[in-house]
Amino acid sequence: MQKKQRTARLAGIGLVALLLVAACASTAYIPVRYQLAPKANALKGKQIFLTVTDARTDTRIFDEAAQQAFEGFNGYFALSLAYGDEKGLVAGTYDLAGLFQEALRYKLENTGVEVLSQPHDASATMAVHLNEFRLSLSKNKWVATVGYKVSLSGHPNTVVSETISGSAERVKVVGSGAAEKVLGEIFSDSLNRLDVVALFAKAGL
């Protein structure tokens with residue numbers, strides 16, 4: 001009996017330890033849920049080399065008020081991919097440029113584009129410059145802002161570009177869940193507003 005009680009007690013301690021580790025780790029990275037648009041093959045057969053550069057003049061992600069809620073943040077984001085109302089599957093953890101790189105890769109592949117690991121002479125190049133990625137806490141509301149510029153080079157001397165920016169807000173509740181949701185909302189909205197089919201057409205691809 002004592003052995004069973006000791007085993008149960010150790011199991012209970014182990015469970016509590018795991019929960020504490022999970023609680024501490026929860027602020028180390030920020031979950032970002034990317035809600036992908038429905039799959040299409042409008043650009044099937046196309047190839048592209050994708051680069052993402054963090055070109056922000058202010059590299060701080062949080063304002064002073066928001067920083068207090070993410071003191072343990074290690075600079076990495078956990079990207080989840082979802083369709084519709086799905087919770088989504090975790091694709092991996094990335095720094096900010098990597099977060100956009102991976103999400104845009106899935107977006108491009110969803111339209112039928114093959115994203116190359118190395119540029120080829122005959123391939124197009126999509127260069128993305130992140131201009132803003134900010135999470136603020138103002139008047140009990142989380143405010144997330146995203147801005148980036150996309151340049152697509154196709155045939156020689158043909159470069160087309162598009163700049164996208166936007167913001168979203170959500171009322172603050174206990175914990176960081178509302179902040180993570182608003183980041184996922186504006187992240188999904190800003191990426192899905194990029195019409196890659198139209199961009200390819202403008203570049204003559």
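Every read-out reported here was derived from the displayed coordinates using simple, explicitly stated rules and does not represent laboratory data. In this text the structure is predicted, and so the values were computed from the model without any measurement. Note: ideal-geometry Cβ built from the backbone for every residue, glycine included; neighbour counts use all protein chains shown.
Quick one: which of 99-109, 74-84 comes out on top by average Cβ neighbours within 10 Å, and what's the full order, highest first?
99-109, 74-84
Past 28 Å, Cα to Cα: identify those pairs from LYS107/LYS141; LYS39/LYS149; LYS87/LYS107, in the order given.
Checking Cα-Cα distances, LYS107/LYS141 exceed 28 Å.
Expressed in nm to one decimal, what extension gain is obtained for the pair LYS44 and ALA127 from 0.36 nm per residue of sequence separation less their Cα-Cα distance?
Working: separation 83, 0.36 × 83 = 29.88 nm, distance 2.01 nm.
Using 0.36 nm per residue and subtracting the Cα-Cα distance, I get 27.9 nm.
Highest mean first, what order results for 145-152, 90-97 on Cβ atoms within 10 Å? Could you put the intermediate results ahead of the total?
Working: 145-152: 19.1, 90-97: 15.4.
Peptide ranking by packing, descending: 145-152, 90-97.
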